[in-house]
Amino acid sequence: MKILVVGGTGTVGSEVVRQLKARNESVSVLTRSAEHVSKLPPGVSGVIGDLLDPSTLGVFAGCDFSTQAA
């Protein structure tokens, strides 16, 4: 399963990313800034997009939109 974390560079989101990586999940983080991509943990990919800019929302392609926690 491919997981895209929105807010994965913040205080809570970065912990979510860390926990997902500890479970060997495939994790990407949505960020508005290329600067934040370079600060992501090893094995975590960053995608640049903005929820207020519909032209960048292709980053959600291939993601599972399950509302249930694993």
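Only residues that are modelled with pLDDT of 90 or more and surrounded by 10 or more Cβ atoms within 10 Å (Cβ to Cβ) were counted in region 51-60, giving 0. Taking the criterion of being farther than 18 Å from GLY62 by Cβ, of a type outside the set (Lys, Arg) and not in a helix (DSSP H, G or I), the residues of region 1-23 that qualify are GLY7, THR9, GLY10. Here region 6-24 is the region considered, the condition is being touching a helix residue (DSSP H, G or I) at 6+ places or on another chain (Cβ under 9 Å) and closer than 15 Å to PRO42 by Cα, and the residue that is surrounded by the most Cβ atoms within 10 Å (Cβ to Cβ) is GLY8. Of the listed requirements (1) at pLDDT 90 or above; (2) over 13 Å from the mean Cα position of the chain (by Cα); (3) among the small types (Gly, Ala, Ser), SER28 misses just one: (2).
Results for (1) touching a His at 6+ places or on another chain (Cβ under 9 Å); (2) among the polar types (S, T, N, Q); (3) not in a loop (DSSP other than H, G, I, E, B), shown as yes or no for each residue.
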| residue | (1), (2), (3) |
| --- | --- |
| VAL29 | yes, no, yes |
| HIS36 | no, no, yes |
| LEU40 | no, no, no |
| GLY43 | no, no, no |
| GLY46 | yes, no, yes |
| SER55 | no, yes, yes |
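Here is a yes/no grid of residues against (1) basic (Lys, Arg); (2) touching a Lys or Arg at 6+ places or on another chain (Cβ under 8 Å):
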residue: LEU4; (1), (2): no, no
residue: ALA22; (1), (2): no, no
residue: SER26; (1), (2): no, yes
residue: ARG32; (1), (2): yes, no
residue: HIS36; (1), (2): no, no
residue: LYS39; (1), (2): yes, no
residue: GLY46; (1), (2): no, no
residue: ASP53; (1), (2): no, no
residue: GLY58; (1), (2): no, no
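Considering (1) at pLDDT below 90; (2) of a type outside the set (Gly, Ala, Ser); (3) over 13 Å from the mean Cα position of the chain (by Cα); (4) exposed (fewer than 14 other Cβ atoms within 10 Å of the Cβ), the lone condition that CYS63 does not fulfil carries the number (3).
The values are calculated or read from the model by the stated rules, or taken from the named source; none is laboratory data. Here the structure is a predicted model, which means the values were calculated and not measured. Ideal geometry is used to build each Cβ from the backbone, glycine not excepted, and the neighbour counts take in all protein chains shown.
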